[in-house]
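Undergrad: Below is one structure. I have some questions about it.
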C-alpha cells in the first residue's frame, strides 16, 4: 500500500499573450449584449478554471505520446476506468482555479491601471462568421481577457513512497512547454489563447509521515530550468 509522504505546491504565473476566451454561461439574452461571455466569479472577475488547465495539459501530453501510466498517476483515470479495480490509481495532481493580479482597488488588472478598457476586466472582439450556403456575414461579439493580464496559478502534487518525483515534475514541465506553443481556452485556431508561464516555484509541505530529507528530494528532482527561476 502506498503511503503519502509529502505534498509539493507548484506556483506559477500565466501571462496572456493573445486574448483569452474560456466560455461561461449566459443567463439571459440582452439586445446588443455579448454573444459569447467569458467565465466569471460572482463578483464579475474572470478566472481560469483549474479544470481547463488540467484538461488541456492532459490532452496535449496524451497527443504527443508520453507514458500513459504516468499520465494516469498524475491526472487520474476516467469514470469508466474506475469500474475496473485493476485500473484504480491515486490521482496526484490538484489544480486550483486561477485568479488575476488586480490593482489595489480591485477595479482592473495590475498591468492596466492607466489603460482604457471597454469593461473593467475584459475586451470585446467583434467578428463575422460567413454562412457557407448563402455567403452572408453573421456578426458576433466575443468577450476576451486582454493581452498582458496576469493570473496566479497553483498545482499541488501528492508524493507517495516509491514515486518518481523527477519523472512527474518533468511531465508537468513538458505540459507547461506544450501549452506555451499551443493555446488555452477556445478559438485557438483564430489566434486566441496564447499564454506564457513564468515564475515557477516549488514548496514542499511535510505531513505526519515525516521524512528528514524531503527538501533534498524536491531540489534534486526539479527540472533544471526551474532551478534558475
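The values are calculated or read from the model by the stated rules, or taken from the named source; none is laboratory data. Computed from a predicted structure; not experimentally measured. Quick reminder, even Gly has a Cβ in these numbers, built from the backbone with ideal geometry, and neighbours come from all protein chains shown.
Undergrad: So residue 191 clears everything in (1) touching a strand residue (DSSP E or B) at 6+ places or on another chain (Cβ under 9 Å); (2) loosely packed, with under 15 Cβ neighbours inside 10 Å; (3) over 21 Å from residue 221 (Cβ atoms); (4) modelled with pLDDT under 90 except one condition, right? Which one?
TA: Evaluating residue 191 over (1) touching a strand residue (DSSP E or B) at 6+ places or on another chain (Cβ under 9 Å); (2) loosely packed, with under 15 Cβ neighbours inside 10 Å; (3) over 21 Å from residue 221 (Cβ atoms); (4) modelled with pLDDT under 90 leaves (1) as the failure.
Undergrad: Against the definition (at pLDDT 90 or above, surrounded by fewer than 16 Cβ atoms within 10 Å (Cβ to Cβ), part of a helix (DSSP H, G or I) and under 22 Å from the mean Cα position of the chain (by Cα)), how does residue 51 come out, yes or no?
TA: Details: at pLDDT 90 or above: yes; surrounded by fewer than 16 Cβ atoms within 10 Å (Cβ to Cβ): yes; part of a helix (DSSP H, G or I): yes; under 22 Å from the mean Cα position of the chain (by Cα): yes.
Yes: the conditions hold for residue 51.
Undergrad: In addition: Taking residue 170 as meeting all but one of (1) surrounded by 15 or more Cβ atoms within 10 Å (Cβ to Cβ); (2) modelled with pLDDT under 90; (3) more than 15 Å from the chain's Cα centre (by Cα), write down the number of the exception.
TA: (2)
Undergrad: Another one. For segment 133-152, name all the residues that are at negative phi and either out of contact with any strand residue (DSSP E or B) (no Cβ under 6 Å at 6 or more places or on another chain) or surrounded by fewer than 20 Cβ atoms within 10 Å (Cβ to Cβ) (or both). Break it down into steps so the answer makes sense when it comes.
TA: Keep residues of segment 133-152 that are at negative phi, which gives 133-134, 136-147, 149-152.
Answer for segment 133-152, where residues must be at negative phi and either out of contact with any strand residue (DSSP E or B) (no Cβ under 6 Å at 6 or more places or on another chain) or surrounded by fewer than 20 Cβ atoms within 10 Å (Cβ to Cβ) (or both): 133, 134, 136, 137, 138, 139, 140, 141, 147, 150, 152.
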